[in-house]
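S.K.: I am attaching a structure below and will ask some questions about it afterwards.
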Amino acid sequence: QVQLQESGGGLVQAGGSLRLSCAAAGRNLNEYWLGWFRQTPGKERVALAAIGWSGYPIYYLDSVNGRFTISRDNAKNMVYLEMNSLKPEDTAVYYCAADINYGKVVAGNCDYWGQGAQVTVSP
């Protein structure tokens with residue numbers, strides 16, 4: 001069982017930056033891939049980035065690669081998503097999720113999810 005809690009969402013102007021944090025709790029966290037996802041109303045949830053215990057390999061959705069950076073602090077059981085050069089189309093609810101299976105993370109089919117954090121990017 002893994003518990004996840006996102007923080008750091010909010011309102012930012014286009015071109016700005018925001019860092020999302022996700023606190024993870026549970027046993028054997030080193031066995032889990034952690035990922036960030038986002039969802040907008042009426043659309044499916046999309047995998048943005050994923051990271052393993054060692055920090056490698058890292059998956060990025062093409063549209064955020066180079067603007068978003070995922071990182072992980074194993075000592076603090078935290079995973080972060082640094083978002084730069086934000087665009088209005090990045091507006092969404094952002095979720096942190098975990099799964100033992102990397103394929104399930106990339107497919108957005110994780111066993112454990114946080115409650116989500118709203119990110120709104122104004123023009």
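S.K.: With a cut-off of at most 16 other beta carbons within 10 Å, and DSSP calling the residue loop, which GluC sites (Glu not before Pro) in the range 1-63 qualify? Please list them.
M.R.: Filter output for the range 1-63: E44.
S.K.: Pick from I51, I100, I70 the residue whose mean-square fluctuation is largest in a GNM of the chain, springs joining Cα atoms under 10 Å.
M.R.: I100
S.K.: What FRET efficiency, computed as 1/(1 + (r/R0)^6) with R0 = 25 Å and r the Cβ-Cβ distance, is obtained for A14 and D73, rounded to the nearest 0.05?
M.R.: 0.30
S.K.: Got a sec? What order do Y32, Y94 fall in by accessible area at 1.4 Å, biggest, i.e. largest, first? The partial results should precede the final answer.
M.R.: On the way: Y32 25, Y94 0 Å².
Largest accessible area first, the residues go Y32, Y94.
S.K.: Need one number: nm distance between label points at N28 and S7, each 7 Å from Cα along Cα→Cβ, rounded to one decimal.
M.R.: 2.8 nm
S.K.: Could you give the length gained on full extension between W53 and A107, defined as 0.36 nm per residue of separation minus the Cα-Cα distance, in nm?
M.R.: Numbers: separation 54, 0.36 × 54 = 19.44 nm, distance 1.87 nm.
Fully extending the segment from W53 to A107 adds 17.6 nm.
S.K.: Name the residues whose placed amide hydrogens come within less than 5 Å of the amide hydrogen of R67, ignoring near sequence neighbours (fewer than 5 apart) on the same chain.
M.R.: none
S.K.: Let me ask another. With a 4.7 Å Cβ cut-off, tell me which Cys residues in the chain come up empty for a partner.
M.R.: Those would be C110, since no other cysteine Cβ in the chain comes under 4.7 Å of theirs.
S.K.: Counting DSSP beta bridges with both partners in the range 1-109, what percentage is antiparallel, nearest 5? Could the numbers behind the result be given before it?
M.R.: On the way: 33 of 34 bridges.
Counting only bridges with both partners in the range 1-109, antiparallel ones make up about 95 percent.
S.K.: Sticking with this structure for a sec: Probe 1.4 Å, all protein chains in place: accessible area of D62 in Å², nearest 10?
M.R.: 140 Å²
S.K.: For the chain, what does the convex hull of the Cα positions come to per residue, in cubic angstrom?
M.R.: Normalising the Cα hull of the chain by residue number yields 91 Å³.
S.K.: Kindly report the accessible area of the chain per residue (heavy atoms of protein chains, probe 1.4 Å, no ligands, DNA or RNA), in Å².
M.R.: I get 51 Å² per residue for the chain.
The values are calculated or read from the model by the stated rules, or taken from the named source; none is laboratory data. These numbers were taken from a predicted model, which means no experiment stands behind them. When we count neighbours, we look across all protein chains shown, and the Cβ atoms used for this are built from the backbone with ideal geometry, even at glycine. When the accessible area is computed, the model is the full protein with side chains, heavy atoms only, and any ligands, DNA or RNA have been set aside. Shrake-Rupley method; radii C 1.70, N 1.55, O 1.52, S 1.80 Å.
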